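Report on the structure given below.
Just so it is clear, none of the values below were taken in a lab; they were calculated from the coordinates. Treat the numbers as computed from the prediction; the structure is a model and nothing was measured. Cβ coordinates were reconstructed from backbone atoms using ideal geometry, including for glycine residues, and neighbour counts include every protein chain displayed.
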Amino acid sequence: MSQALWIALTELRRRWIGLAGGILFALFLGLMFGTLLNGYIRDPESANMNDLMVDYLLIAVLPVMGTAFSREYLSWSSLKEDPFLRRLSFLRMWPIPLSVIVWSRLIYSLISYVAGTLALFAAMTAVGWNGYVSQWGLPLYGFFLLFWFGYGLTLCGLFTCLEFGIRFKTYTVISFILVFTLFGGLITWHDLDWNQERAIFERVLHLVQTYEALPGLVACLAAVGFVGLWKHVMTRRITRIDLP
């Protein structure tokens, strides 16, 4: 594990500009997210686009925080070179156990996810602190964030598997399909207005109001359990591909 951590930290030092840019972008998303959530706090009964966007930011954006800024800067000529596979091929040239390579990528993704998510939550909190404390209370707000942190961490490994081990063009196509499918699904959900609760984040809010920290702890425990799944999936994927 120490070798995997060393490789992950080395890669982070080489790509610190991407990580810094990711954190800045996460701060921007947090400011936008805080503004949208404040609109809900001021008038929770009004149905508007804000609820849909809050759902989308939480459900679609959080899981990709660990991979969105891990890619190299690409030129049109480098699109044909598949940078993900090229990086993997370089690592496989050395006598490094495959498990170490996989763990290094998962650790890299985890560090990126934690940094980006904390930046997003910090900006969101700064924008709407008074509303969260006065309307929800600090413990409830903390439980709410804990649940979404665990949710994003659970699915973070999925996008790491997609990014590391398949060709860049395939990764891009799959990402676009997931983005548009999820957005269409959320629009359908809001239009149906099941149980008079338009937004998924409202359901989560009611859940933490009832069970307090339990949903967030369950989400974090699920994330820990899913680490083994993503490691297994990534290992199988890498062993079955032809490296350049």
Calculated FRET efficiency, Met1 and Asn130, Cβ-Cβ r, R0 41 Å, to nearest 0.05?
0.45
Using Cβ counts within 10 Å as a stand-in for footprinting exposure, how do Ser99, Ser109, Ser175, Ser134 rank, fewest first?
Ser134, Ser99, Ser175, Ser109
Which of Val102, Val204 comes first, and how do the rest follow, when ranked by fewest Cβ neighbours within 10 Å?
Val204, Val102
Would you mind calculating the gained length between Ser99 and Leu221 on full extension (0.36 nm times residue separation, minus the Cα-Cα distance), in nm to one decimal?
41.7 nm
